[in-house]
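As structure tokens, the structure follows; a few thoughts come after it.
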Amino acid sequence: MKSGPISIETLPDLSEKISSIESDERVYNGWLHIGCGSRVFGLPKTHYLCHEGCDDSAKIGFLVWGLSFFTGMRLTTTEAGFLDATPIKMHSLVDFHTTDSTLGTALELCETFWNNNKHIEKHVKWWAAAVHALFLSKNPKNLQFESFILLYIALDACAALTEPLRERKRPVHNKRIDWMCSEFGIPVPEWASLLKSENENESERSTISVLRNALIHEALFLDEPLGFALHGIGTNQNITLEMQGLVCRLLVALIGGGSADYIHTPVSTRMAYGLRLA
């Protein structure tokens, strides 16, 4: 694949590498689990990314983060860039699908974002950090509260980046998600909407802010010690799945894909969308 100065080439023995991973006894339901011992592990390198005229390893690393996000599969330039478990199929970590032409446009957006923000290192790192937290939240062995924490900090990283990119001061936690959705035209999830209260002296809150405050400040999730209760039982709502969908939409918007129809789709669905970038 080639997009402008960026090209991606397949390394030798790709089929053998894929076969060895797919036949690994540690693969279960499409995920490779590292098991006991060290939690950090590596995998054989399968592709080579080349940027004509660029020898900046930090830029190449960011482009790989972008490619990782848009393929929905953890990719890394490091020798041991995986933690605990990783999926072995594309599109496993996001709720959208991309084509080769979309990936080319996505890489162009990533390069433009880098060029516009390389002078402020935090902007670049916030985007990559949100991607990483999103990916960690998808680990099938996570308990719900663990995924919730990872997704909440991913949303906070998105809020930190939204503030300078949109030149708007971010509000307090309970209004932050509603604010980001309004900035990018994303339907506000029910759990992020402010709850009505008959007590005028009570501060405004949302379902997610109530869950977050008890979890962070009191070590409680749904009024129980961590891991002893689940949100959404008996309902159609899956808050962590919807949070993952929201993080995906925000990451697409923040990297420059705000005109994509995908951005304006609701997160309260389990369907996967086709992502088209202008």
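The values are calculated or read from the model by the stated rules, or taken from the named source; none is laboratory data. Computed from a prediction, not measured in an experiment: that's the story for all the values here. Here the Cβ positions follow ideal geometry from the backbone for every residue, glycine too, while neighbour counts run over all protein chains shown.
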Just checking: which of the helices (runs of 4 or more DSSP H) contained wholly in the stretch 56-174 hold 3 or more residues that are modelled with pLDDT under 95?
57-71, 100-117
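So which residues in the stretch 213-235 are touching a Ser or Thr at 6+ places or on another chain (Cβ under 9 Å) and touching a residue at least 12 places away in the same chain (Cβ under 8 Å), if there are any at all? Explain how you work it out, then say what you get.
Our first condition is that a residue be touching a Ser or Thr at 6+ places or on another chain (Cβ under 9 Å); within the stretch 213-235, this holds for 231-232.
Within the stretch 213-235, H231 is the sole residue that qualifies.
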Only one of these conditions is not met by T265: (1) crowded, with 18+ Cβ neighbours inside 10 Å; (2) closer than 30 Å to A278 by Cβ; (3) among the polar types (S, T, N, Q). Which number is it?
(1)
Output for Cβ contacts, cut-off 9 Å, separation at least six or different chains, first residue within 23 Å of W191 (Cβ to Cβ) in the stretch 245-264, second of a type in the set (S, T, N, Q) and surrounded by fewer than 20 Cβ atoms within 10 Å (Cβ to Cβ), reads G245/T265; G245/S268; G245/T269; R249/T265
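Tell me yes or no: at least one residue of the stretch 89-110 is over 26 Å from G274 (Cβ atoms), touching a Leu at 6+ places or on another chain (Cβ under 6 Å) and surrounded by 16 or more Cβ atoms within 10 Å (Cβ to Cβ).
Start the filter on the stretch 89-110 by keeping residues that are over 26 Å from G274 (Cβ atoms), which leaves none.
Checking the stretch 89-110: not a single residue is over 26 Å from G274 (Cβ atoms), touching a Leu at 6+ places or on another chain (Cβ under 6 Å) and surrounded by 16 or more Cβ atoms within 10 Å (Cβ to Cβ).
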Filter result for the condition that a residue is modelled with pLDDT of 95 or more and surrounded by fewer than 18 Cβ atoms within 10 Å (Cβ to Cβ), over L211, L226, L194, L250
L226
Scan (1) touching a Lys or Arg at 6+ places or on another chain (Cβ under 7 Å); (2) part of a loop (DSSP other than H, G, I, E, B); (3) modelled with pLDDT of 95 or more for the single condition G35 breaks and write down its number.
(3)
Going through the stretch 3-23 in order, the residues found to be surrounded by fewer than 12 Cβ atoms within 10 Å (Cβ to Cβ) and either within 26 Å of the chain's Cα centre (by Cα) or within 14 Å of T86 (Cα to Cα) (or both) are G4, E9, T10
